[in-house]
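Peer 1: Submitted below is the structure of interest, expressed as structure tokens.
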Amino acid sequence: MPFTLPSRAPSGPRRRTLLASAAGAFALAGCSASEPSTDTAGGSPSAADRARARAARDSEELADHYAAVIAAHPALAKRLTPLRAEVVRHAKAFGDGAHATASPSATVSATAAGAPASASASASPTVPAEPKDAVGELAAAERTLADARTKALVEMPGELARLLASVAAAGAAHAYLLSEGAK
């Protein structure tokens, strides 16, 4: 019996491809040769501390973007709330909970209940009127942040590099889920 190809090739990467790339990112993170020097003299934060703080801020801003989209398009709340919750956890992982404790979870609760998001409404990004465009912007933001974190992890010490790799892989998966669901 001859082998026949499926009539429709799947669009985008397969689940195995995503998992393999995540595993590759973890392997790359584990291959760092040496710890970068830290600038502890004079009380200035080290490069790793600055990178950790920047990553926490980036995750907080992305969580705010999710909250703005959910507030503008409540029909997307069921789909976007779990992804936003993961982004909030990423911010907590980078900031040890110092930056993203009350505001993001309060915003999720208020938004999920249909109330306006008060904590981040003033600094919210502009959300497109079309839900598909809003989700597309979120996917692009996730992809951009995942790419930046993947590039940055090469210069970070072991634990931070592994955390960056893990969060970058999660961001890439979020981007995939958002872009595939938008089609």
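Peer 1: Note down the nm distance, to one decimal, between modelled labels 7 Å out along Cα→Cβ at THR126 and at ALA47.
Peer 2: 3.7 nm
Peer 1: Here's a follow-up. Provide the gained length on full extension for the span GLU155 to LYS78, in nm with one decimal, where the gain is 0.36 nm per separating residue minus the Cα-Cα distance.
Peer 2: Gain in length upon complete extension: 24.0 nm.
Every number in this text was worked out from the coordinates using simple rules, so none of it is lab data. Model, not experiment: these values are computed from the prediction. We place every Cβ from the backbone using ideal geometry, glycine too, and count neighbours over all the protein chains shown.
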